[in-house]
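> Here it is: the structure, laid out below.
All of the numbers you see were taken from the coordinates with simple rules; none came from a lab. Just so we're clear, the structure is a prediction, and the values are computed from it rather than from any experiment. All Cβ positions, even for glycine, are placed from backbone atoms using ideal geometry, and neighbour counts span all protein chains on display.
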Amino acid sequence: MKKLFPWLLVGGVLALASCLADKAPLPAPAPPVCDTVGLTYRADIKPILDRSCATPGCHDAASATIPADNPLYDFATARATSLAGRVVCSIERTGNCSPMPRRQPALPACEVAKIRAWVAAGCPE
């Protein structure tokens, strides 16, 4: 019995190891959902604009370098600029628009999709 025990132990370990190796790999996690339904300026768009556009030296109230018709720090001007098509063109970095944010990486695809959907919905406040 003493001679049989080590062989049983080795066999059991090998059997267990082979069962563990047979497991299929776990599926990749689902990509995060980008919710573009029912967006409003205050809850969804303003935080993106404040973080990426209405920054010092760019499209904020205090900067003297911005054109008078192109601020993005409040709803009325952000809405007018967006409905004119300039915001989506710039953040998509297509067409004859200046790519925005300037000297920064492009906005994440979800943020671009949110702004595009907000404009398509008529820029609700």
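> Among ALA78, ALA106, TRP118, which residue has its Cα furthest toward the positive end of the charge dipole of the range 41-120, with +1 on Lys/Arg Cβ and -1 on Asp/Glu Cβ?
Among ALA78, ALA106, TRP118, the one farthest towards the positive end of the dipole of the range 41-120 is ALA106.
> Using the Cα centre as the reference, give the magnitude of the dipole from point charges on the C-beta atoms of the range 41-120 (Lys, Arg: +1; Asp, Glu: -1; all else neutral), rounded to the nearest 20 debye.
Values: 10 positive and 7 negative charges, 30 e Å.
Magnitude of the dipole: close to 140 debye.
> Something else about it: For VAL33 and ARG102 in one chain, what is 0.36 nm times their gap in residues minus the Cα-Cα distance, to one decimal in nm? Please list the in-between numbers first.
Working: separation 69, 0.36 × 69 = 24.84 nm, distance 2.70 nm.
Here the answer is 22.1 nm.
> Something else now. For the range 41-120, I need the span (max minus min coordinate) of the C-alpha atoms along each principal axis, in Å, sorted largest to smallest.
Result, largest extent first: 29, 25, 21 Å.
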